[in-house]
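Since the structure comes first, as structure tokens, the remarks are kept for the end.
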Amino acid sequence: MTATPSRRSIIQTMAVAAVTVGGLGGRSPAQAAPHRTVVNVLDHGAAGDGQTDDSAAFQSAIDSIAEAGGGDLVVPARTYVIASAAADGCVVLRADDMTVRAEGATILRPDKFDNAVFVANTRSEEPLGYGAGVRGLRWIGGRFVGNLAESNFMCPFSLHHAQDCTFSGITFQDHIGRGSHVFDMVGADSIVIEGCSFLGQQTHPDDTENVGEAIQLGASYKGGLTGGSGNYGFSGLMCRDITVRDCEFLPFGDQAGPTPFGFHGGVEGKHHQRLSFVDNVVVDPRTSLTPDDSERDTVNRGAVHLSDAHGVTITGNRFTQTTGRVNRAVTIMGFDFGVLEGADPDKPTRGDFAAPQGPADIRIEDNVFEGFPARDGYDTVAVRGLDGAAVPGVVISNNTIRDGYASAATEHSAAIQLGNLEGPVISGNTIEDHHVGLDLTAGPISDAEVTGNEITNSTAPDAPAAIMVDSGLTDSVVRKTTTSGYDQAVAGEPGEGTVIED
């Protein structure tokens with residue numbers, strides 16, 4: 001039976017909140033709303049003993065904030081179990097303008113559920129669109145703990161049509177398993193994930209196992225979301241304005257580090273927009289899909305794979321691979337398959353697109369990539385359109401890419417591979433110890449500026465060239481490149497209008 005909070009407990013909690021609320025949303029205590037509702041989950045029956053199912057208490061507390069039109073949810077530093085079979089294992093985030101303060105709290109999911117822990121379902125009474133799930137949610141602190149050894153996977157947050165939400169200072173540990181995610185969002189808008197720690201991801205002997213991204217994006221089509229108690233309200237909207245910053249993605253025990261950020265399904269005629277991955281640390285990310293002859297697998301290779309998005313910013317990150325595990329660090333490519341144009345979002349039809357489509361406006365700057373063995377079809381960074389869909393607006397500058405030569409490999413790849421681009425700027429990059437520095441032969445490239453890069457090699461024997469070109473590189477300039485340790489600075493014959501200068 002759900003406990004009813006006492007008047008005294010509400011007053012006490014409001015007094016505490018008056019001190020802490022100044023740190024939320026930039027308001028000082030004097031500026032804080034004087035009658036903002038503050039709810040303590042303990043006052044709604046949560047035991048916080050690590051044994052009792054506290055799902056109903058969380059739902060009751062959130063519902064009371066929804067009825068008040070917003071407020072603060074206090075989750076004291078205890079251990080909570082969210083595992084109600086009656087609610088499909090979910091707690092529904094029904095309250096707009098809600099701040100959750102969970103510093104020091106731990107949330108467990110002791111048994112495996114197919115659904116997420118906290119879900120923002122589209123509200124059936126509202127028009128479909130951005131914000132029809134939850135608006136103005138701010139979640140601060142806490143730790144979500146699973147147990148992959150017992151197959152207790154967990155998707156902490158499933159966000160459908162969520163808008164203007166921030167998640168900060170949260171730790172996610174030991175629960176990213178086969179096909180699971182930490183954040184699974186579709187049709188979401190203006191989401192910030194900052195200062196969070198993502199620890200561990202299940203690794204399989206068979207590298208073709210499809211293990212999900214820590215942060216996955218999707219379009220609002222049925223079948224693209226990790227559950228929730230309301231499987232309705234699909235609109236066909238893509239995600240936009242998603243920012244991941246100041247986070248760490250690290251190994252845990254004998255598990256690999258997580259695959260941080262990406263998606264693996266296109267929509268004909270649509271694109272995710274304005275995606276930022278900034279100032280993060282990525283260590284030993286899980287092995288991605290084994291390469292074969294299918295372009296449909298290559299788009300998913302990469303710790304960060306944001307193929308077919310418009311407006312991608314990947315800056316100031318550090319990607320490190322210490323195990324020799326084969327993986328790309330970044331993949332940006334086109335799509336030629338997925339949900340077909342005009343499909344019913346509730347019954348989506350999937351197949352080959354009438355024409356390929358590609359990403360646009362990609363900036364990869366000021367990152368450090370270390371120890372990614374560029375071999376067997378895995379370049380450290382790959383940006384490519386598809387034939388007939390050139391990618392405009394690519395800037396790859398001031399990155400450091402080092403230690404990518406794999407001596408045991410029978411085939412070698414490049415630090416940066418590019419193809420099917422229009423007007424790219426590749427400048428100021430430092431590339432050390434790769435079999436090839438820049439591979440510009442993966443498809444036609446026009447109007448490129450390749451300037452001021454420093455490409456050196458001291459470990460790869462018989463390295464063919466710092467830069468590989470072919471006839472597909474047209475109307476471009478390659479100049480001011482410092483190279484050493486290669487048979488040739490530039491190998492291959494460029495196409496018409498391209499100038500190669502020392």
- Item | Amide H within-cut-off set for Thr37, under 5 Å, with H built and near neighbours excluded | Asp72
- Item | Accessible area of the chain belonging to carbon and sulfur atoms, whole % at 1.4 Å probe | 46
- Asserting the computed 222 nm helical MRE of the chain (DSSP H runs at least 4 long, -39500 (n - 2.57) per run, divided by residue count, to nearest 500) equals -2000 deg cm²/dmol
- Listed by chain and number, the aspartates and glutamates with an alpha carbon less than 16 angstrom from that of Lys480, same-chain partners under 8 positions apart left out, are Glu449, Glu454, Glu501, Asp502
- Task: Mind pulling the angle between the C-alpha long axis of helix 55-68 and the longest principal axis of the chain? Nearest 10 degrees, somewhere in 0 to 90.
- Result: 80
- Message: Using each residue's phi in the stretch 232-239, evaluate 6.51 cos²θ - 1.76 cosθ + 1.60 at θ = phi - 60° and report the 3J(HN,Hα) Karplus result to the nearest Hz, with x for Gly and Pro.
- Response: 8, x, 7, 10, x, 6, 8, 8
- Query: Angle, helix 7-20 long axis vs. longest principal axis of the chain, Cα atoms, 0 to 90°, nearest 10?
  - Reply: 30
- Note on the structure: A correct Karplus calculation of ³J(HN,Hα) over the stretch 411-417, with 6.51 cos²θ - 1.76 cosθ + 1.60, θ = phi - 60°, whole Hz and x for Gly and Pro, returns 10, 10, 10, 10, 5, 10, 10
- Note on the structure: Within the under-12-Å Cβ sphere about Arg274, not counting Arg274, Lys/Arg +1 and Asp/Glu -1 give a net charge of -1
- Query: So who's got an amide H within less than 5 Å of the one on Val134, skipping anything under 5 residues away but keeping other chains? H placed 1.01 Å off N, in plane.
  - Reply: Ala162, Gln163
- Tell me, what HN-Hα J-couplings in whole Hz come from the Karplus equation 6.51 cos²θ - 1.76 cosθ + 1.60 at θ = phi - 60° for each residue of the stretch 133-149, using x for Gly and Pro? x, 8, 10, x, 7, 10, 10, 10, x, x, 9, 9, 10, x, 7, 5, 4
- Task: Could you tell me which label, among [x] 80, 47, 46; [y] 74, 72, 51; [z] 90, 54, 42, carries the value of Cα extents along the principal axes in Å calculated for this structure?
- Result: [x]
- Query: Hey, how many Å between the Cα centroid of the stretch 348-383 and the Cα centroid of the stretch 439-496?
  - Reply: 19
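What accessible area per residue, rounded to a whole number of Å², is obtained for the chain using a probe radius of 1.4 Å?
Accessible area per residue, the chain: 37 Å².
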- Item | the stretch 183-201 and the stretch 94-108: distance between their alpha carbon centers, rounded to Å | 15
- Amide H neighbours of Val100 at under 5 Å, excluding residues fewer than 5 places away on the same chain, with H built from the backbone geometry, are Leu73, Arg138, Trp139, Ile140
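The values are calculated or read from the model by the stated rules, or taken from the named source; none is laboratory data. Predicted model only: the values in this text are computed from it and were never measured. Neighbour counts are summed over all protein chains in view; Cβ atoms, including those assigned to glycine, are modelled from backbone coordinates with ideal geometry. Ligands, DNA and RNA are stripped out before the accessible areas are found, and what is left, the full protein with its side chains, is counted by its heavy atoms. Shrake-Rupley method; radii C 1.70, N 1.55, O 1.52, S 1.80 Å.
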